[in-house]
Amino acid sequence: MTFRFMAPDTIRSASQRALLEQWDQLAAGRPFPAFAELKPDPAIHDPRQLVAWAVEGEGRLRKFRAMYQGENVAEAFNSAWAGKTMEQVVSMSLRRITLEPAKECAASGCAVYMVFSTIDANDQQVDCERLLLPFGGGNKVEHLLASLQLTVVGSRPRIVKHFDMQADVRLQGKIRSGFSTGATSEAGGDQRRAARRTVARAARISFARRSMTCIVRNLSATGAAVETTDPAAIPDSFRLVLEMEATERCCRVVWRRKGRIGVRFS
């Protein structure tokens with residue numbers, strides 16, 4: 001499998017983009033942060049969708065042993081993973097699309113993102129979005145954090161069985177740390193193209209016949225940081241109108257933190 005560099009905003013899930021953003025900020029100029037530095041905020045990303053792995057060995061002997069398994073993952077696979085290796089818990093049919101990205105993440109020290117899909121009993125496509133984040137010390141990756149997210153809500157065990165029978169990779173790539181500090185990535189897509197200025201302007205968010213007030217905390221020609229009381233209630237796309245302006249800006253959420261969201265204007 002080939003993992004080319006991609007831009008962070010390629011990630012579809014706003015919560016996974018927020019988790020990636022937190023990882024990058026914790027890295028603070030390093031290739032990756034230490035696992036002890038991570039304190040996932042449930043308001044940003046659901047811990048029930050996470051799996052933490054310890055990295056053991058090197059090269060071809062490298063293994064991944066489960067340290068933590070979220071409730072949603074345990075329900076989907078109908079088994080407890082703690083203390084077991086990835087080879088022990090993943091079916092033969094899924095090993096290639098689970099093990100190889102994990103090895104790439106551990107070897108490169110980059111975040112790895114994949115989307116793979118199956119067809120359910122109703123002949124509908126179901127996607128699984130998987131984000132892997134490396135943690136460790138120096139240049140050695142010692143832990144991986146995996147986020148798994150399905151595009152449908154239903155019987156997780158039944159959906160996993162469909163993935164066992166058929167799983168097609170739709171998208172895969174890796175992301176190097178440093179993008180949130182303005183460093184240029186090899187993907188070339190995440191560097192801010194316009195200088196941002198600090199502001200404190202009231203504004204209104206509108207979506208699906210709903211609206212709510214907010215405060216814009218910084219602003220540029222291409223995006224903004226928006227402070228709101230309930231970031232989780234805001235969809236990935238919405239309209240924004242600043243005070244004393246009539247022009248609507250169409251926005252796409254690129255990260256979420258407690259009390260704030262970052263948006264790109266489209």
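The values are calculated or read from the model by the stated rules, or taken from the named source; none is laboratory data. The structure displayed is predicted, hence computed values, not measured ones. Don't worry about glycine lacking a Cβ; one is built from the backbone with ideal geometry, like all the others, and counts go over all protein chains shown. Side chains included, ligands, DNA and RNA excluded: accessible areas come from the protein's heavy atoms. Shrake-Rupley method; radii C 1.70, N 1.55, O 1.52, S 1.80 Å.
State which residue is nearest to GLY136 (Cα to Cα) when the search covers only the range 21-33 and only residues that are open to solvent by 30 Å² or more (accessible area, probe 1.4 Å) and of a type in the set (A, V, I, L, M, F, W, C).
Within the range 21-33, the match that is nearest to GLY136 (Cα to Cα) is LEU26.
Out of ALA36, ALA54, ALA106, ALA76, report the one residue that is open to solvent by 60 Å² or more (accessible area, probe 1.4 Å) and among the hydrophobic types (A, V, I, L, M, F, W, C). Walk me through how you get there before you give the answer.
Working: ALA54 fails: open to solvent by 60 Å² or more (accessible area, probe 1.4 Å); ALA106 fails: open to solvent by 60 Å² or more (accessible area, probe 1.4 Å); ALA76 fails: open to solvent by 60 Å² or more (accessible area, probe 1.4 Å).
Of ALA36, ALA54, ALA106, ALA76, the one residue that is open to solvent by 60 Å² or more (accessible area, probe 1.4 Å) and among the hydrophobic types (A, V, I, L, M, F, W, C) is ALA36.
Would you pick out the residues in the range 6-20 that are among the polar types (S, T, N, Q) and surrounded by 19 or more Cβ atoms within 10 Å (Cβ to Cβ)?
Just the residues of the range 6-20 that are among the polar types (S, T, N, Q), to begin with: 10, 13, 15-16.
Listed by number, the residues that qualify are SER13, SER15, GLN16.
So is PHE116 touching a residue at least 40 places away in the same chain (Cβ under 8 Å), open to solvent by less than 70 Å² (accessible area, probe 1.4 Å) and touching a His at 6+ places or on another chain (Cβ under 6 Å) or not?
Working: touching a residue at least 40 places away in the same chain (Cβ under 8 Å): yes; open to solvent by less than 70 Å² (accessible area, probe 1.4 Å): yes; touching a His at 6+ places or on another chain (Cβ under 6 Å): no.
Taking the combined requirement at face value, the residue does not satisfy it.
So MET67 fits all but one of (1) at pLDDT 90 or above; (2) open to solvent by 10 Å² or more (accessible area, probe 1.4 Å); (3) assigned to a loop (DSSP other than H, G, I, E, B); what number is the exception?
(3)
Do you know which residues across the range 235-255 are modelled with pLDDT under 85 and either within 15 Å of PHE207 (Cβ to Cβ) or open to solvent by 60 Å² or more (accessible area, probe 1.4 Å) (or both)?
Within the range 235-255, MET244, GLU245, ALA246, THR247 qualify.
Please go through the range 104-120 and pick out each residue that is farther than 13 Å from THR2 by Cβ and assigned to a helix (DSSP H, G or I).
Answer for the range 104-120, where residues must be farther than 13 Å from THR2 by Cβ and assigned to a helix (DSSP H, G or I): CYS105, ALA106, ALA107.
How many residues, within the range 87-102, are aliphatic (A, V, I, L, M), within 24 Å of ARG4 (Cα to Cα) and modelled with pLDDT under 95?
3
Can you tell me which residue within the range 131-153, out of those that are closer than 22 Å to ARG170 by Cβ and out of contact with any helix residue (DSSP H, G or I) (no Cβ under 9 Å at 6 or more places or on another chain), is surrounded by the most Cβ atoms within 10 Å (Cβ to Cβ)?
THR151
So which residues in the range 59-78 are out of contact with any strand residue (DSSP E or B) (no Cβ under 9 Å at 6 or more places or on another chain) and more than 18 Å from ARG130 (Cβ to Cβ)?
GLY59, ARG60, LEU61, ASN78
Go through (1) open to solvent by 20 Å² or more (accessible area, probe 1.4 Å); (2) at pLDDT 90 or above; (3) under 22 Å from PRO40 (Cβ atoms) and name the single condition ALA232 misses.
(2)
Would you check which residues across the range 202-232 are without any contact (Cβ under 8 Å) to a residue 12 or more places away in the chain and out of contact with any strand residue (DSSP E or B) (no Cβ under 7 Å at 6 or more places or on another chain) and list them?
ARG209, ARG210 - these are the residues of the range 202-232 that are without any contact (Cβ under 8 Å) to a residue 12 or more places away in the chain and out of contact with any strand residue (DSSP E or B) (no Cβ under 7 Å at 6 or more places or on another chain).
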